[in-house]
1. From the residues in the stretch 146-179 that are among the hydrophobic types (A, V, I, L, M, F, W, C), at pLDDT 90 or above and over 21 Å from Gly84 (Cα atoms), which one is most open to solvent (accessible area, probe 1.4 Å)?
2. Under the condition of being open to solvent by 10 Å² or more (accessible area, probe 1.4 Å) and either small (Gly, Ala, Ser) or not in a helix (DSSP H, G or I) (or both), which residue from the stretch 114-133 is modelled with the lowest pLDDT?
3. Quick check, is Gly82 touching a Phe, Trp or Tyr at 6+ places or on another chain (Cβ under 6 Å), open to solvent by less than 20 Å² (accessible area, probe 1.4 Å), within 18 Å of Ile182 (Cβ to Cβ) and in contact (Cβ under 8 Å) with a residue 12 or more places away in the chain?
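The values are calculated or read from the model by the stated rules, or taken from the named source; none is laboratory data. Please read these numbers as outputs of a predicted model, since none were measured by experiment. Ideal geometry is used to build each Cβ from the backbone, glycine not excepted, and the neighbour counts take in all protein chains shown. Note: accessible area is taken over every heavy atom of the protein model, side chains too, but ligands, DNA and RNA are not part of it. Shrake-Rupley method; radii C 1.70, N 1.55, O 1.52, S 1.80 Å.
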Amino acid sequence: MTGATPPVGPPPDQPPGAHPPGPPGVLPPPRARADQRSGPGRGVAAALATIAATIAVFYCLPIHEGSRGVALAARLVLLFVGLGLLGWLFARQVSAGRRGTPFRNATARLFAGVCLTVLLFATTYYSLAYYGDEMSGIRTRTDALYFTMTVLTTVGFGDVHAVGQAARVVVTVQMGFDVLFIASAGAALRASGAVRRGEPG
């Protein structure tokens, strides 16, 4: 007597791509075990490492090089090229969130993109102050980093501000970039996380 053909594919109550539980005493695949071991501490460590790397690059990056006009033009070109790449990455992040990319991976990529954005603008503001006298209140790299964060977080104290036309253009670009790309990517990330938890979007 011929038995019935067993069904092909995961059980009806098991989502596609999930690992079957398997018989008792059998370990899950290595990747599944690694996912189980990775907890919040790993994400915090990665975030701290990203912040430390960004700060190290910012303070070690050579800026006092070349003639005034050439150096400032090079910094502005680097800024806009970098923003184009970051905008593309943030757009991909929004698309990846809609496709169901793991929430932790998406969060790490978004955070790294924000750090790179801060690095680009802080370097540009310091160059504008050093070469072009376009900024008031920026004398050190820390001043430039501080001003970049005040623009990013929309907290303005008035102690540092743009006085030249080029600097005001860069500040305007940062405000638009923060709203258009960073805020949009963050909103998409929150929405995808709520969908995975079964909460209303």
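1. Val163
2. Here the residue is Gly132.
3. Values: touching a Phe, Trp or Tyr at 6+ places or on another chain (Cβ under 6 Å): no; open to solvent by less than 20 Å² (accessible area, probe 1.4 Å): yes; within 18 Å of Ile182 (Cβ to Cβ): yes; in contact (Cβ under 8 Å) with a residue 12 or more places away in the chain: yes.
No.
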